[in-house]
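Report on the following structure.
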Amino acid sequence: MSLKRSIQMAIRQVHKTVAYRDVPEKLGLYFHELEESQYSIFSDCIRYWADQGYDFVSADEFVERDDGKTLFISFDDNFKSWHAALPLFESLGAKVTFYVNTLPIRGKADADAIDGFFDRIRHAGERVTLSEDEIREIAAAGHTIGCHSHSHFDLGAISEEKAKSEIMISKEILEDIIQQPVTDFSYPFGMRRNFTDDLRDFCLENGFRTVCNAIPGRLHEAPTARFINRSPWDLSQTLSYNIENIRIDGRMFEQMTGRSAVV
Ligand SMILES: [Zn+2]
């Protein structure tokens, strides 16, 4: 195990001792690709939460509903494997939100652009993205298409002007494809340092209703329209390991260090 990983595991262990809470009633979980080899473990996750009485909700409902247990499931980036998994979502009764990057759309982008995108998200698995038709079919199957910016740059590290255009270009492209308003945004890389308060305001003033983070260990805080917290569900880990991550309250650590208390 690398030194970095050892330190991360030690921080997680301390949190399991001193900041371990019940599973929250509002659960925001996110995923990336969904390969066929992962269907069974993904299904275990979805069935587990359905059995625990969680309702699948959109980002809007996740913010607004204050009765009962709600589960907001989303996927980030742009993977053809989402489209292939539509029958699986159907069989699980799962309605989910897909936050799509528009630069690498298959049939529009060239091979270099697609490779550059997968390099930025450090994805080593199957490197095939969605076509426009597949995005339309995902929306037609009752799922929500959200925006994850055009190119998947770190929007906290580029000029505000460039970041705004990264957001709005992708919103326009997606709306053109699905012929519906796209009102949910998740920013690339998802940590606090990867976005700004001004950009959150910009999104809410320019047609978005919700903005999602991807900061693990913050699910014990109620979501708001401009600050929805999601934790990653790691399909290479067991159900119980993932549940432990959800129960860890890493808010204080994250606020102080900008880092995640769970890994
Ligand atoms: Zn991403």
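Just so it is clear, none of the values below were taken in a lab; they were calculated from the coordinates. All values reported here derive from a predicted model rather than from experimental measurement. Ideal geometry is used to build each Cβ from the backbone, glycine not excepted, and the neighbour counts take in all protein chains shown.
Some values worked out for this structure:
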| read-out | value |
| --- | --- |
| Convex hull (Cα only) mean projected area of the stretch 99-215, reported in nm² to one decimal | 7.2 nm² |
| Extended-chain gain in nm, criterion 0.36 nm per residue less alpha-carbon gap, ALA10 and ASP55 | 12.8 nm |
| Rounded FRET efficiency, nearest 0.05, which uses the C-beta distance separating GLU172 from GLU126 and R0 of 22 Å | 0.20 |
| Neighbourhood net charge (9 Å Cβ-Cβ; Lys/Arg +1, Asp/Glu -1) for SER186 | -1 |
| Candidates per trypsin sites (Lys or Arg not before Pro) in the stretch 81-124, loop by DSSP, up to 15 other Cβ within 10 Å | LYS108, ARG122 |
| Net dipole in debye of the chain [+1 Lys, Arg Cβ; -1 Asp, Glu Cβ; about Cα centre; nearest 20] | 1060 debye |
| Pairs from LYS108/LYS162; LYS4/LYS26; LYS95/LYS171 whose Cα-Cα separation, in the structure shown, is over 24 Å | LYS4/LYS26 |
| Hydrodynamic radius (Kirkwood) for the stretch 198-263, which is based on Cα pairs only, to one decimal in Å | 12.9 Å |
| Ranked by how many other beta carbons lie within 10 Å on average, peptides 125-134, 73-82 from highest | 73-82, 125-134 |
| FRET E, pair ASP198, ASP119, Förster distance 25 Å, beta-carbon r, rounded to 0.05 | 0.35 |
| Distance between modelled label sites at ASP44 and LYS80, nm, 7 Å Cα→Cβ extension | 2.8 nm |
| Mean Cβ neighbour count within 10 Å, used as a protection proxy, ranking 33-40, 177-184 highest first | 177-184, 33-40 |
| The chain: calculated mean residue ellipticity at 222 nm from DSSP helix runs of at least 4, using -39500 (n - 2.57) | -12500 deg cm²/dmol |
| Within the stretch 26-232, percent of DSSP bridges classed antiparallel, to nearest 5 | 5 percent |
| Burial order of peptide ranges 57-64, 144-151 (average beta-carbon count within 10 Å, highest first) | 144-151, 57-64 |
| Hull volume in cubic angstrom per residue (convex hull over the Cα atoms of the stretch 26-232) | 114 Å³ |
